[in-house]
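Each remark here refers to the structure printed beneath this line.
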Amino acid sequence: MMPSGPPPRVYWTSLIFLLLACCQLPTGAQGQTYQLRVEPKDPVVPFGKPLVVNCSLDCPSPGLISLETALSKEHHSRGLGWAAFRLTNVTGDTELLCSGLCDKSQVVGFSKITVYGFPERVELAPLPLWQPVGKHLNLSCLVFGGAPRDHLSVVLLRREEELGRQPVGKEEPAKVTFMVQPRREDHGTNFSCRSELDLRSQGLELFQNTSAPTKLRTFAMPKTAPRLVFPQFWEMETSWPVNCSLDGLFPASEAHIQLALGNQMLNATVVSHADTLTATATAKTEQEGTQEIVCNVTLGVEKRETRENLFAYSFQGPSLTLSESNTTEGTPVTVTCAAGPRVQVTLDGVPAAVPGQPAQLQLKATEKDDRRTFFCNATLKVHGVTLHRNRSVQLRVLYGPTIDRAKCPQRLMWKEKTMHILQCQARGNPNPQLQCLREGSKFKVPVGIPFLVLLNYSGTYSCQAASSRGMDKMLVMMDVQGRNPVTINIALGVLAILGLVTLATASVYVFWVQRQRDIYHLKPRSSRWRLRSI
């Protein structure tokens with residue numbers, strides 16, 4: 001590695017330079033001034049490379065020429081008025097002093113060697129694992145080696161974009177710090193450092209070296225806590241949905257979200273969309289009482305958490321039972337509404353004596369109880385909130401068929417060739433079959449649907465409702481009246497008179513219209529007379 005300071009011998013050499021600089025250059029007989037040239041003049045050489053230095057004196061009778069330097073040297077070649085020296089290992093900046101005798105006077109010449117070397121390496125100091133968006137970040141470039149330092153600078157790059165440039169100091173390794181303010185779009189972007197050794201002013205080139213790129217990971221986390229959505233009251237052994245979401249995340253796809261019920265982690269389905277992260281899970285508990293549900297979202301080095309309580313309860317029942325769900329008339333039936341501990345039940349509006357006790361209703365089944373519905377309501381108080389559940393059951397009572405006399409008249413008077421409906425109905429459980437047959441001929445007329453009444457439908461009909469529980473009968477007299485011929489003739493006469501009146505009215509109207517237009521029509525034998533209107 002290239003040393004940063006001068007060799008030890010440079011101190012006394014500098015002292016000699018200072019003393020000799022005070023001496024005047026010798027002059028010849030004609031007042032001519034003599035010089036000692038050092039070539040190359042102020043060279044810039046690579047670190048560790050050899051260098052041949054030539055010292056030449058322009059006087060007529062030059063004496064011995066020597067080279068003073070802190071570097072290792074050896075004679076290379078010489079001649080009249082010149083001498084060449086080989087510097088074997090140039091490892092640092094130094095000054096050269098060539099001296100010689102001219103007319104018994106000493107003449108000196110100077111040259112300064114500048115050593116350049118490429119940095120061994122340049123590195124970008126490790127980046128934080130995550131960097132908040134908008135928060136200032138110091139990025140450091142480390143430069144190992146490299147000279148001359150006053151020609152060495154370092155550049156901070158974002159991809160290929162130059163963000164800043166600073167000179168490299170004398171320390172080893174040199175640390176150059178840049179301050180940046182990361183953006184959202186910088187997430188996943190490569191940052192790097194580039195060293196630049198600019199020797200173009202020395203007739204050389206611009207030498208560059210770039211560090212390995214490093215990706216920056218930026219994130220944005222809102223100050224708000226996640227939103228938890230779930231039922232506040234949970235029934236034990238029942239699965240309930242739990243939803244947790246947080247908006248304003250970047251990048252939401254790299255955030256982590258967890259749901260837990262007490263000490264139990266929930267298996268959640270996580271979906272990210274734009275800047276929102278959502279977790280959905282189903283959970284159930286076997287423990288009654290207050291429990292805690294937790295949702296936490298982690299992104300980068302920050303975490304947001306929400307904790308809320310839920311109340312798990314046991315709500316057993318209600319159960320609503322009939323001692324006989326299908327029974328016959330006159331049979332005793334017991335209705336029972338029951339539920340679990342601490343549950344208050346009410347049967348058809350009548351509450352049980354105390355919570356946890358059943359409510360009962362006893363009755364003797366009648367025809368009116370068929371299809372009767374009983375209602376059981378159960379209530380449970382959980383942390384000041386009353387929860388409700390309802391059950392219902394229907395009683396079926398078997399009874400024989402009955403024809404409804406109010407809807408099935410015993411005597412019917414209908415006109416021939418008119419549409420009518422025989423409105424007879426029967427009830428019973430099971431449902432009875434109802435039919436009406438004419439006595440003697442067993443002719444059946446439709447029941448409950450329209451039909452055309454004919455004259456020969458007159459007669460007495462036996463309407464029967466039958467089921468497995470028995471039969472009910474009633475007689476219906478149907479009197480069908482035929483049409484009267486006299487009435488028909490009168491109707492036809494009236495229609496004829498109406499037709500004649502209509503025809504006469506139309507003729508008068510046509511004559512009036514023609515008169516208004518001065519139009520008349522004459523018979524052929526009178527066509528020679530021309531009439532005029534007055």
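The values are calculated or read from the model by the stated rules, or taken from the named source; none is laboratory data. The structure displayed is predicted, hence computed values, not measured ones. Cβ atoms come from the backbone with ideal geometry, glycine included; neighbour counts cover every protein chain shown. For accessibility, only protein heavy atoms count, side chains too; no ligands or nucleic acids. Shrake-Rupley method; radii C 1.70, N 1.55, O 1.52, S 1.80 Å.
Listing for the model above:
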| item | result |
| --- | --- |
| Antiparallel DSSP beta bridges within the stretch 168-313, as percent of all bridges there, nearest 5 | 95 |
| Unit Cα scatterers, Debye sum, the chain: log10 I(q)/I(0) for q = 0.09, 0.12 Å⁻¹ | -0.95, -1.16 |
| For the stretch 319-399, the Rg and Dmax computed from alpha carbons only, in angstrom | 13.9, 49 |
| Whole-number D in µm² s⁻¹ for the stretch 121-219, Kirkwood Cα-pair radius fed into Stokes-Einstein, 10 °C, 1.306 mPa s | 114 |
| In sequence order, calculated HN-Hα J values of the stretch 357-363 (Karplus, 6.51, -1.76, 1.60; Hz; x Gly/Pro) | 9, x, 10, 10, 9, 10, 8 |
| Gln264-Met179 pseudo-label distance in nm [points 7 Å out on the Cα-to-Cβ vector] | 5.3 |
| Förster-model FRET efficiency, 30 Å R0, His273 and Leu127, C-beta, rounded to 0.05 | 0.55 |
| Apportionment of accessible area to carbon and sulfur, the chain, percent (1.4 Å) | 53 |
| Semi-axis lengths (Å, descending) of the ellipsoid that matches the C-alpha gyration tensor of the stretch 35-116 | 23, 12, 9 |
| Per residue accessible area of the stretch 66-133, 1.4 Å probe, in Å² | 47 |
| Residue-span extension gain [Phe451 to Asp479] - 0.36 nm each, minus C-alpha spacing | 8.6 nm |
| Accessible area of the stretch 404-481 divided out per residue, in Å², using a probe of 1.4 angstrom | 59 |
| Proximal lysines to Lys417, defined as alpha-carbon separation beneath 22 angstrom and excluding residues fewer than eight positions away on the same chain | Lys442, Lys444 |
| Nonlocal amide H pairs with Gln35, under 5 Å, H built at 1.01 Å | Asp58 |
| Solvent exposure of the stretch 319-399 as accessible area per residue, Å², 1.4 Å probe | 56 |
